[in-house]
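Student: Supplied in structure tokens, the structure appears directly below.
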There are 2 protein chains.
Amino acid sequence: MAVQLPDDVVERGNGKIVFLILDGLGGLPHPDTGKTELETANTPNLDRLARTSAVGLAEPVLPGIAPGSGPGHLALFGYDPIRWNIGRGVLSALGVDFELREGDVAARLNFTTVDASGNIVDRRAGRPSDAENRRLVEKLRAGVRAPDGVEVFFEPEKEHRLVLVFRGSGLSEAVSDSDPQETGVPPLRLQALAPGAERTVQVAQDVLDQCQSVLRGEDRANGVVARGFAQYRRYPTIEDRYSMRALAIARYPMYRGVARLLGMELQPVPASDEGSIDALEARFEEFDFFFIHVKTPDARGEDGDFEGKARAIEAVDALIPRIEALKPAVLLVTGDHSTPATFRAHSWHPVPLLLSSKWVRTAPVSGFGERECLKGELGIVSSKHLMSLALAHAGRLSKYGA
Amino acid sequence: MAVQLPDDVVERGNGKIVFLILDGLGGLPHPDTGKTELETANTPNLDRLARTSAVGLAEPVLPGIAPGSGPGHLALFGYDPIRWNIGRGVLSALGVDFELREGDVAARLNFTTVDASGNIVDRRAGRPSDAENRRLVEKLRAGVRAPDGVEVFFEPEKEHRLVLVFRGSGLSEAVSDSDPQETGVPPLRLQALAPGAERTVQVAQDVLDQCQSVLRGEDRANGVVARGFAQYRRYPTIEDRYSMRALAIARYPMYRGVARLLGMELQPVPASDEGSIDALEARFEEFDFFFIHVKTPDARGEDGDFEGKARAIEAVDALIPRIEALKPAVLLVTGDHSTPATFRAHSWHPVPLLLSSKWVRTAPVSGFGERECLKGELGIVSSKHLMSLALAHAGRLSKYGA
């Protein structure tokens, strides 16, 4: 087991734990001011909390490694992100509430626009509406015939995104992407990445070719590309491992997918981040552990919008008093990785981290920010250890050993 | 694999990386001033660089472990120094450009002076000249007969040092040293350190006994002792693992040996540290990764020469602007271990570390020194992760996972 806890230390306690995850929270200094997004944002509540919390920096995977959202979140929940890494396809399928069975292989598809010679001209087919996406998926369901011995499922996600699932015996996830990640070229032919994957490649290529035929004649969404082939295996759940009933309050499919993979109950999608806190309040008595996911800091970081990311963090700061009012035993605020606006992508830099509980030492920090957190009592801590820290501070771990 | 990177994150980028390694850089406070060698040295360039770099302390192996040069350097290049540790014999053989083959067993030999009753009176035979060393090695080559089924090679190193290599099937490295590491006693008989090493012990003892006979009659170098029996295995190279063409600019055999083990190209031995920078400038376009090794801080530290070590560090500081002028994507300055002058030996203390790149956070530090580095954004980081950090900062790693 790659669990991060010694055996037999989990106790049934009743301290509630809230993980407030600001996606892409960590940043880099703005060249004009020398301050990061978080240091720039006006965050009176997080600053106040930092002064009475255990603070530090969370390293998502290993030094220098910029994680995708999958490993970034698995680590936060105490699952070693290298051992438990899982492909995009499975996370996408779980994110749209598809009931995966052990051995299913899933891939993330994009609707694309291709020209007369088969070259991709738009990898997102002009971002169709969700309604249009559903119409196109129905067309694929009706028109694509499953190869012998395999079941095939198409599930709409959002805009240009859909999920393709194969069910049958002997399938493999060792299949390359058809998505070339660029325009002006045709989709790539699938390749086996390991011995034994040849049949899955054949089946998947057949289905992708059929998709192409079925969509011929569509104005914009006249093609598909596939990536992130991944096989579903059952994960030990949060409840199995930590004896906690867990609720995930997340608005985007990918994060809902990770939560589902770990057996969390999924709150119906809130309309806003304020709505996420409404849900937390409404269901606070029912659960022990709450995962609240906020997407905007990461989105603004990827856009290179430094000010927008700072404003997104300020919007979360304003919600903090409502969480505090519920008096969880532990409130942990961090991110799954850094997304510096200057870098415009996920990065490897450790993420500011704040753990509020009555059992902290505290350190003399002035507020919540990358440089202040360096002075904190938690130091630079591997994200996979945060769950143990939270459990301990919530009175949910017993002594290890005699 | 004990590599420190998850699979599939290495990208072919083009950011160049320079590792400037000051052997034995880390120190301890002088009892009179309370300042370490580095803190004492006048290093305006390193101080300036530290203020705009990511700084921290590098822990070579594990807390409390003082590494030899082999593990110290393997860690710097991202090879877990415990898993990839290799014996002195192999490093010495590679350091004199001997073409080792898989399965060869090498040992480091000293010419020694023994008295009439066979006791060692000088473990270095009065430090013969290199020319005298070559004459003695020729004498051994001519006089020693290889045991059946084994080839035997003698290679001169410097002064009293030579290398002995055995080639043949079924050889083992589990052979004890004959070097007693003291005088007044005879060389030790070789012992098998694991089952299956008995034949290698027999072969090696026979060769050492023949050496003794051949050298009888020599004035001073009338004996040999052996240590560091080690079997060569092929290592994954820097190019295999990181997709970088690597150049080693090192003036001492041991460090050239490590570089060769990892497949780096070896620059012909420069005459001085300034000459090392000349070589860097001359070959900067040809390679992606540069390992520059500076020996003097370690040598002065082992001598107990506190001032000499500080002056050696100052000499390196003066070379920094020439490296900066080449505009590498990453300049990393650290050591393979500490060699405090007060301690007169390799020590376990973490080593000051500076990583200059445009993707750093920076922290408020006044300069480059052991205590200032404690405040840095990298914290205390295991040396084996430095390569990942350098690759990330040079744009040579892609995101891990979906």
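The values are calculated or read from the model by the stated rules, or taken from the named source; none is laboratory data. Here the structure is a predicted model, which is why all the values come from computation and not from measurement. Heads up, the Cβs are rebuilt from the backbone with ideal geometry, glycines too, and the neighbour counts pull from every protein chain shown. What goes into the accessible areas is simple: the full protein's heavy atoms, side chains included, and nothing from ligands, DNA or RNA. Shrake-Rupley method; radii C 1.70, N 1.55, O 1.52, S 1.80 Å.
Student: Is it true that B:Ser383 is open to solvent by less than 30 Å² (accessible area, probe 1.4 Å), farther than 13 Å from B:Val333 by Cα and out of contact with any Phe, Trp or Tyr (no Cβ under 6 Å at 6 or more places or on another chain)?
Tutor: On the way: open to solvent by less than 30 Å² (accessible area, probe 1.4 Å): yes; farther than 13 Å from B:Val333 by Cα: no; out of contact with any Phe, Trp or Tyr (no Cβ under 6 Å at 6 or more places or on another chain): yes.
Judged against the criteria, B:Ser383 is not a match.
Student: Only one residue in B:Ala131, B:Ala50, B:Ala41, B:Ala66 is open to solvent by 40 Å² or more (accessible area, probe 1.4 Å) and more than 21 Å from the chain's Cα centre (by Cα), so which one is that?
Tutor: Details: B:Ala50 fails: open to solvent by 40 Å² or more (accessible area, probe 1.4 Å); B:Ala41 fails: open to solvent by 40 Å² or more (accessible area, probe 1.4 Å); B:Ala66 fails: more than 21 Å from the chain's Cα centre (by Cα).
The conditions single out B:Ala131.
Student: Answer with yes or no whether B:Val224 is open to solvent by less than 10 Å² (accessible area, probe 1.4 Å) and in contact (Cβ under 8 Å) with a residue 40 or more places away in the chain. So that I can check it myself, show each step before the final result.
Tutor: Working: open to solvent by less than 10 Å² (accessible area, probe 1.4 Å): yes; in contact (Cβ under 8 Å) with a residue 40 or more places away in the chain: yes.
Taking the combined requirement at face value, the residue satisfies it.
Student: On the basis of being at pLDDT 95 or above and in contact with a helix residue (DSSP H, G or I) (Cβ under 9 Å, 6 or more places away or on another chain), does A:Leu215 make the cut? Can you show your working first?
Tutor: Values: at pLDDT 95 or above: yes; in contact with a helix residue (DSSP H, G or I) (Cβ under 9 Å, 6 or more places away or on another chain): yes.
Against the criterion (at pLDDT 95 or above and in contact with a helix residue (DSSP H, G or I) (Cβ under 9 Å, 6 or more places away or on another chain)), A:Leu215 qualifies.
Student: Counting only residues that are more than 10 Å from chain B (Cβ to nearest Cβ) and not in a loop (DSSP other than H, G, I, E, B), which one in the range A:76-91 is farthest from A:Arg234 (Cα to Cα)?
Tutor: A:Leu76
Student: In the set A:Gln267, A:Gln205, which member is under 16 Å from the mean Cα position of the chain (by Cα) and away from every other protein chain (no Cβ under 14 Å)?
Tutor: Numbers: A:Gln205 fails: under 16 Å from the mean Cα position of the chain (by Cα).
Step by step, each of A:Gln267, A:Gln205 is checked, and only A:Gln267 is under 16 Å from the mean Cα position of the chain (by Cα) and away from every other protein chain (no Cβ under 14 Å).
Student: Let me confirm something: among B:Glu157, B:Glu151, which residue is under 27 Å from B:Asp97 (Cα atoms), open to solvent by 60 Å² or more (accessible area, probe 1.4 Å) and touching a Lys or Arg at 6+ places or on another chain (Cβ under 9 Å)?
Tutor: Result of the check over B:Glu157, B:Glu151: B:Glu151.
Student: Sticking with this structure for a sec: Might you let me know whether the range B:337-353 holds any residue that is over 22 Å from B:Asp298 (Cα atoms), of a type outside the set (A, V, I, L, M, F, W, C), assigned to a loop (DSSP other than H, G, I, E, B) and modelled with pLDDT of 95 or more? Before you say what the answer is, go through the steps one by one.
Tutor: Step one: list which residues in the range B:337-353 are over 22 Å from B:Asp298 (Cα atoms), which gives none.
Among the residues of the range B:337-353, not one is over 22 Å from B:Asp298 (Cα atoms), of a type outside the set (A, V, I, L, M, F, W, C), assigned to a loop (DSSP other than H, G, I, E, B) and modelled with pLDDT of 95 or more, which makes the answer no.
Student: Shifting gears a bit: Could you list, in sequence order, the residues of the range A:303-317 that are closer than 18 Å to A:Leu28 by Cβ and either at pLDDT below 95 or surrounded by fewer than 20 Cβ atoms within 10 Å (Cβ to Cβ) (or both)?
Tutor: Within the range A:303-317, A:Asp303, A:Gly304, A:Asp305, A:Glu307, A:Gly308, A:Arg311 qualify.
Student: Just give me the residues in the range A:318-360 being open to solvent by 30 Å² or more (accessible area, probe 1.4 Å) and within 13 Å of chain B (Cβ to nearest Cβ), in sequence order.
Tutor: A:Thr342, A:Phe343, A:Arg344, A:Ala345, listed by residue number.
Student: If the requirement is being of a type in the set (A, V, I, L, M, F, W, C), open to solvent by 20 Å² or more (accessible area, probe 1.4 Å) and either without any contact (Cβ under 8 Å) to a residue 12 or more places away in the chain or facing another protein chain (nearest Cβ under 8 Å) (or both), which of these qualifies: B:Ala402, B:Ala363, B:Ala390?
Tutor: Values: B:Ala363 fails: open to solvent by 20 Å² or more (accessible area, probe 1.4 Å); B:Ala390 fails: open to solvent by 20 Å² or more (accessible area, probe 1.4 Å).
From the options B:Ala402, B:Ala363, B:Ala390, the qualifying one is B:Ala402.
Student: How many residues does the range A:107-122 hold that are within 14 Å of chain B (Cβ to nearest Cβ) and either in contact with a Phe, Trp or Tyr (Cβ under 7 Å, 6 or more places away or on another chain) or more than 21 Å from A:Tyr252 (Cα to Cα) (or both)?
Tutor: 1
Student: Okay, moving on. Return the pairs, sorted by first residue and then second, in which the second residue is open to solvent by 20 Å² or more (accessible area, probe 1.4 Å) and of a type in the set (A, V, I, L, M, F, W, C), the first residue lies in the range B:302-329 and is touching a residue at least 12 places away in the same chain (Cβ under 8 Å), the beta carbons are less than 7 Å apart, and the residues are 6+ apart or on different chains.
Tutor: That search, which allows pairs on different chains as well, returns B:Glu302/B:Ala345.
Student: Could you list, in sequence order, the residues of the range A:136-148 that are under 22 Å from A:Glu218 (Cβ atoms) and crowded, with 18+ Cβ neighbours inside 10 Å?
Tutor: A:Leu136, A:Val137, A:Leu140, A:Val144
Student: Also, I was wondering about something else. Mind listing whichever residues of the range A:354-374 are outside any loop (DSSP other than H, G, I, E, B) and not hydroxyl-bearing (Ser, Thr, Tyr)?
Tutor: First, pick out the residues of the range A:354-374 that are outside any loop (DSSP other than H, G, I, E, B): A:354-356, A:370-373.
Residues satisfying the conditions are A:Leu354, A:Leu355, A:Glu370, A:Arg371, A:Glu372, A:Cys373.
Student: Any chance you could count how many residues in the range A:196-248 are within 30 Å of A:Ser398 (Cα to Cα), aliphatic (A, V, I, L, M) and not in a loop (DSSP other than H, G, I, E, B)?
Tutor: 4
Student: State all residues of the range B:272-286 that are more than 22 Å from B:His73 (Cβ to Cβ) and among the small types (Gly, Ala, Ser); if no residue qualifies, say none.
Tutor: Answer for the range B:272-286, where residues must be more than 22 Å from B:His73 (Cβ to Cβ) and among the small types (Gly, Ala, Ser): just B:Ala282.
Student: Among the residues in the range A:14-23, are any open to solvent by 30 Å² or more (accessible area, probe 1.4 Å) and modelled with pLDDT under 95?
Tutor: Looking for residues that are open to solvent by 30 Å² or more (accessible area, probe 1.4 Å) and modelled with pLDDT under 95, one finds at least one in the range A:14-23, hence yes.
Student: Could you grab me the full set of residues in the range B:105-141 that are without any contact (Cβ under 8 Å) to a residue 40 or more places away in the chain, out of contact with any strand residue (DSSP E or B) (no Cβ under 8 Å at 6 or more places or on another chain) and in a helix (DSSP H, G or I)?
Tutor: B:Ala131, B:Arg135, B:Glu138
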